[in-house]
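Just so you know, all these numbers are worked out from the coordinates, no wet-lab data involved. These numbers were taken from a predicted model, which means no experiment stands behind them. Note that each Cβ is placed from the backbone with ideal geometry, even for glycine, and that neighbours are counted across all protein chains shown.
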Amino acid sequence: MAMWPFGKKKKNPAVHQEEAATEAVAEDTTTVNPAAENANDGAAEAAPEPTAGLVREDEDDAQASLAVKAVAHDAINGDMGPYDGDNVDIAEFNFEDFSVGLLDLGSLRIPLPKGSQVQVEMGQEGPRMLHILTPHGRMTPVAFAAPRTPGQWAESAEDIIKGLEADGFAAHPEDGPWGSEIVGSSEKGGIRIIGVEGPRWMYRLTLAAPAGKEEELAQLGREVVARTFVYRGEDPILAGSSLPVTLPQQLAEQVQQALKERQQQAAQAASADSAAPADTATETEKTAESQAREQLRDLEDNENK
């Protein structure tokens, strides 16, 4: 599967996309199966090997203690993404060889891999995290505001490694197309976090794969990162804060319905046992990495179903 550089669309830049079709609404998640995107003519060009001149290492930013490499990524004029959507027009690119449709989240536009679904995880007050489900495992994309000076990924990587190790994972940095990726492994599977810094933003994709599917998900995750567009905008956002996400209309409607049903169930449960204290801890928003660690604890059960 070719990852980069991508083919440009021939002269007809209009992008048409069918509405996503609903497959299922789970008890506390909303999952959709995206419809195929109407693509213009133009095939993706052949790609070089992933290690051939993709990044420039910035030796001054290398974290010697954990061997975490910071890199200089050109999100505007480079041959691969993630791209800065405020300066690069996604309509000029052709992803039809890879994608079944475009997931538009406002601050992120992600061409969804073929065979994937979108899952919105629900909390007490509404959606709290979005995942992309694939045959190889789960991806969780998040974009953050970042300062103009680089270094946020290297700092985040150190904290991620410590968090994985504290939770019983064997964690280490591993070289990837954008520098160091953080890998955590256990008997049930693996977690991989890919981080890339752009102009005043940082994009992070967390992968959670069952045992035996780690490499397939790692490759697919890199394919997704290389095609992602990040829209930081000009509004002031505190560095480290996640960029605002807007759900597509059909998905938002499904989420509202799921939230209404969840609130009704909670009200019924409260009526049945009004003396029981409310468990608000389970509704606390969690990071993508902690979500991935939690998911791996259940992977074995899910695989046996």
- Any residue on another chain or 5+ positions along whose placed amide H is under 5 Å from the amide H of Gly189 is listed here as Ala211
- Whose amide H sits under 5 Å from the amide H of Arg232, counting only residues 5 or more places off or on another chain, with H placed in the peptide plane? Gly85, Asp86
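Suppose R0 equals 51 Å. What FRET efficiency, 1/(1 + (r/R0)^6) with r the Cβ-Cβ distance, do Ala91 and Ala269 give to the nearest 0.05? List each step's numbers first, then the result.
Numbers: r = 48 Å, r/R0 = 0.93.
Computed FRET efficiency for Ala91 and Ala269: 0.60.
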